[in-house]
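Accompanying notes for the structure given below.
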């Protein structure tokens, strides 16, 4: 357990003179450093992002989270329901306990899956025809069909899937992971976020924020083209030697000041973030230079096709990041509305599946052939699923009570399914997996005991799975 005493006012009063001299440092500014997760004190200069030993042997070293924003329909993608086909057009039976008026029942009958499901690969996992490329990777997938959460609204559900709480302001999973494990590349952020084009997601930046953890652990938004990180490059009239001398002066003054303040982890963390931001000026542009990749690789990700180019580029960059030691990468598919198929599932999911299916399959295949998949945990999930009943004739409403996600690599059982929803896909029914259990399992695969990754805040021990006791889903571990 770590204690994080925040005293921003004192810090600004004593160190503020050096903060304004290097604007690029604001990218990864750290308000505090934290004690290593089980590491002994070495007496070395504190670095909040230094690599840390896990609590026990890890199956995965890094994470790529493919977040399908808006709520993809499990009953149209990964959770086949013969009864939904059989009773399509009929009202929801009273036995399912949904409080609906007669008008609602008549207006919102059960809606059959839009595309047929078929057994895929040697494992026979049934996957919809919406995803023909991913279907080729069925034997790599561990599909959880009994995930459930606590909110029907987008922002709260986005927060819960990302932070464990429906309330805004808690640290994200990526922040907790980098807090616990640090990074393997001192020249790049430990936690990178790549958004879809558009105005952003519902819930916004708190979904990848650091909450009450130091800001150095928050996700760093990175763009797939152009300048990868805004405000990182210095002004054109400033020569590299000038910038280096300015930074050296600031750092020398700050270290002299630190020498008089034994144990001031806040100032030490800021000194480290200055250097990281400087190193990133050369590392980040090289990272996004995909011209180094072969034509075959670009085609594998769909970068040679207009519809898949954007998400394919981000998937390829995710592979390049984990190759270089970035700990946690999160890719969002879908802007403000995204997969939110209220009006027409066929149109909405048809579009988003075409954009993402080939790139995601390409990512899995590329990770496998490069020997990266076994130590990289790939996650596919949205904030909730969708109802088995129709909405506006051809759409579906939100469903947080039972939906699907899948994992690949990183120590999970490949070619398997776990849990089940009820016969029409309305609620989790067998081997239920709450989001807190999902998070506990992700941390376990990374060698982290979720009960030990904690900080003391306002006298309370805080953790990712704070709300109630969570359980690792051991049956999906390889």
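State yes or no: is residue 200 surrounded by fewer than 24 Cβ atoms within 10 Å (Cβ to Cβ), modelled with pLDDT under 95 and within 17 Å of residue 466 (Cα to Cα)? Against the criterion (surrounded by fewer than 24 Cβ atoms within 10 Å (Cβ to Cβ), modelled with pLDDT under 95 and within 17 Å of residue 466 (Cα to Cα)), residue 200 does not qualify. Does region 114-134 contain any residue that is in contact (Cβ under 8 Å) with a residue 40 or more places away in the chain, part of a loop (DSSP other than H, G, I, E, B) and under 29 Å from residue 206 (Cβ atoms)? Taking every residue of region 114-134 in turn, none turns out to be in contact (Cβ under 8 Å) with a residue 40 or more places away in the chain, part of a loop (DSSP other than H, G, I, E, B) and under 29 Å from residue 206 (Cβ atoms).
Residues being assigned to a loop (DSSP other than H, G, I, E, B), surrounded by 19 or more Cβ atoms within 10 Å (Cβ to Cβ) and touching a helix residue (DSSP H, G or I) at 6+ places or on another chain (Cβ under 8 Å): count how many of those fall in region 415-426.
Of region 415-426, the ones assigned to a loop (DSSP other than H, G, I, E, B) are 415, 419, 422-426.
Next, from what is left, pick out any that are surrounded by 19 or more Cβ atoms within 10 Å (Cβ to Cβ): 419, 424-426.
Right, trim to touching a helix residue (DSSP H, G or I) at 6+ places or on another chain (Cβ under 8 Å) and you get 424-426.
Residues that pass the stated criteria total 3.
As for region 468-476, it holds at least one residue that is in a loop (DSSP other than H, G, I, E, B), buried (at least 18 other Cβ atoms within 10 Å of the Cβ), under 21 Å from the mean Cα position of the chain (by Cα) and at pLDDT below 95. Picking from residues in region 204-222 that are part of a loop (DSSP other than H, G, I, E, B) and within 14 Å of the chain's Cα centre (by Cα), the one that is farthest from residue 190 (Cα to Cα) is 204. Give me the residue from region 189-203 that is in a loop (DSSP other than H, G, I, E, B) and on the phi < 0 side of the Ramachandran plot and, out of that set, farthest from the chain's Cα centre (by Cα). Here the residue is 199.
Residue 186 fulfils the conditions (1) in a loop (DSSP other than H, G, I, E, B); (2) surrounded by fewer than 18 Cβ atoms within 10 Å (Cβ to Cβ) except for a single criterion, (2). Somewhere in region 375-384, is a residue buried (at least 24 other Cβ atoms within 10 Å of the Cβ), over 15 Å from the mean Cα position of the chain (by Cα) and in contact (Cβ under 8 Å) with a residue 40 or more places away in the chain? No - not one qualifying residue is present in region 375-384.
Can you spot a residue in region 351-365 that is more than 30 Å from residue 47 (Cβ to Cβ) and at pLDDT below 95? Before you say what the answer is, go through the steps one by one.
As a first pass, look at region 351-365 and keep what is more than 30 Å from residue 47 (Cβ to Cβ): 351-365.
Filter again for at pLDDT below 95, leaving none.
No; the residues of region 351-365 include none that is more than 30 Å from residue 47 (Cβ to Cβ) and at pLDDT below 95.
Only one of the numbered conditions (1) crowded, with 20+ Cβ neighbours inside 10 Å; (2) in contact with a strand residue (DSSP E or B) (Cβ under 9 Å, 6 or more places away or on another chain) is not met by residue 303, and that is (2).
Conditions tested, residue by residue: (1) at pLDDT below 90; (2) surrounded by 19 or more Cβ atoms within 10 Å (Cβ to Cβ); (3) closer than 26 Å to residue 450 by Cβ.
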position: 182; (1), (2), (3): no, yes, yes
position: 212; (1), (2), (3): no, no, yes
position: 225; (1), (2), (3): yes, no, no
position: 237; (1), (2), (3): yes, no, no
position: 248; (1), (2), (3): yes, no, no
position: 262; (1), (2), (3): yes, no, no
position: 271; (1), (2), (3): yes, yes, no
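The values are calculated or read from the model by the stated rules, or taken from the named source; none is laboratory data. Everything quoted here is computed from the prediction, not taken from an experiment. Cβ: placed from backbone, ideal geometry, glycine included. Neighbour counts: every protein chain shown.
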